[in-house]
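Asks: Dumping the structure here so I can ask a few things about it.
Read-outs: derived from the displayed coordinates by stated rules, not from any lab. Bear in mind the structure is a predicted one, so any value in this text is a computation, not a measurement. A quick note on method: Cβ atoms are made from the backbone with ideal geometry, for glycine too, and the neighbour counts reach across all protein chains shown.
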Amino acid sequence: MNAREAVNLAMDSGQMIGLGYLDDMTDEELMHRPHPDCNHIKWQLGHLISSEHHIINGVLPGTMPELPEGFGERYTPETAKSDDASAFDSKEELLKLYNEQRAAAVAKLESLTDEDLSQEGPEEMKAYAPTVGAAFDLLGGHWLMHAGQWAVIRRQLGRPPLF
């Protein structure tokens, strides 16, 4: 296994678990918070999509497809407090945007060499993505981090554990 394959495996694991948790959930259920101080899934999905876009464009500028106008502004720390479902995109639209961003990230990853992956990340990203490879690896782990809350929400909604 080479570095690209290992990073892609980590990205796939986060995707498999995250999308598995979301598969049977409705738009209304995606607005559920596991605790009043936690973010609902709709906001988290938008945050994950914006983050993926930002992280990969941060290490490889111009790589990712553009997000719709105003998308990033709908998923800021300030908007996380909103319970107005109409302020957020539908599950269908969020998953469509996610799939577009992830496909672009995977295509770019597949084009990189081990040397490319070892290149330093930008100074402003060094704390969480010291190299290009670390930036790609972060994509899977970020989904897993949020999916932990989704597991709790699913149980609160009466669904059995999946994994």
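Asks: Using +1 at the C-beta of Lys and Arg and -1 at the C-beta of Asp and Glu, which of Leu162, Thr26, Thr79 has the Cα lying farthest in the positive direction of the dipole of the chain?
Replies: Of Leu162, Thr26, Thr79, it is Leu162.
Asks: What is the order of Leu95, Leu67, fewest Cβ neighbours within 10 Å to most?
Replies: Details: Leu95 16, Leu67 19.
Arranged by neighbour count, lowest to highest, Leu95, Leu67 become Leu95, Leu67.
Asks: The chain: D in µm²/s via Stokes-Einstein (Kirkwood Rh, Cα pairs, 37 °C, 0.692 mPa s)? Each step should come with its number before you reach the end.
Replies: Numbers: Rh = 16.4 Å.
After rounding, the answer is 200 µm²/s.
Asks: What do you get when you divide the Cα radius of gyration of the range 84-137 by 2.2 N^0.38 Å, with N the number of residues?
Replies: Details: Rg = 15.1 Å, N = 54, 2.2 N^0.38 = 10.0 Å.
That works out to 1.51 for the range 84-137.
Asks: On to the next question. Where does each of Val152, Val106, Val7 land when they are ranked from fewest to most other beta-carbon atoms within 10 angstrom? Don't jump to the answer; show the numbers that get you there.
Replies: On the way: Val152 14, Val106 18, Val7 23.
Listing Val152, Val106, Val7 from fewest to most nearby Cβ atoms yields Val152, Val106, Val7.
Asks: Any idea what the dipole of the chain comes to, in debye rounded to 20, about its Cα centre with Lys/Arg Cβ at +1 and Asp/Glu Cβ at -1?
Replies: Working: 13 positive and 27 negative charges, 111 e Å.
Value, rounded to 20: 540 debye.
Asks: Would you please give the residues with an amide H less than 5 Å from that of Thr131, counting only those at least 5 places away or on a separate chain, with H modeled from the backbone geometry?
Replies: Residues meeting the criterion, in which the H sits 1.01 Å from N, are Gly121.
Asks: Same structure again: Work out from phi, with θ = phi - 60° and the Karplus expression 6.51 cos²θ - 1.76 cosθ + 1.60, the ³J(HN,Hα) of each residue of the range 40-45, listed in order in whole Hz, and give x for Gly and Pro.
Replies: For the range 40-45, the Karplus curve yields 6, 5, 4, 5, 4, 4 Hz.
Asks: A further question on this structure: Quick one: how many lysine pairs does the chain have with C-alpha atoms less than 23 Å apart and a gap of 8 or more or different chains? Give me the count, please.
Replies: Values: Lys42/Lys81; Lys42/Lys91; Lys42/Lys96; Lys81/Lys91; Lys96/Lys108; Lys108/Lys126.
Final tally of qualifying lysine pairs is 6.
Asks: Another question, if that's okay. Within a 10 angstrom radius of the beta carbon, how do Lys81, Lys96, Lys42 rank from fewest other beta carbons to most?
Replies: Ordered from fewest to most neighbouring Cβ atoms within 10 Å, Lys81, Lys96, Lys42 come out as Lys81, Lys96, Lys42.
Asks: For the range 90-101, what does the Karplus curve 6.51 cos²θ - 1.76 cosθ + 1.60, with θ = phi - 60°, yield as ³J(HN,Hα) per residue in whole Hz, taken in order and with x for Gly and Pro?
Replies: Taking θ as phi minus 60°, the curve returns 5, 4, 4, 5, 4, 5, 4, 5, 4, 4, 5, 5 Hz for the range 90-101.
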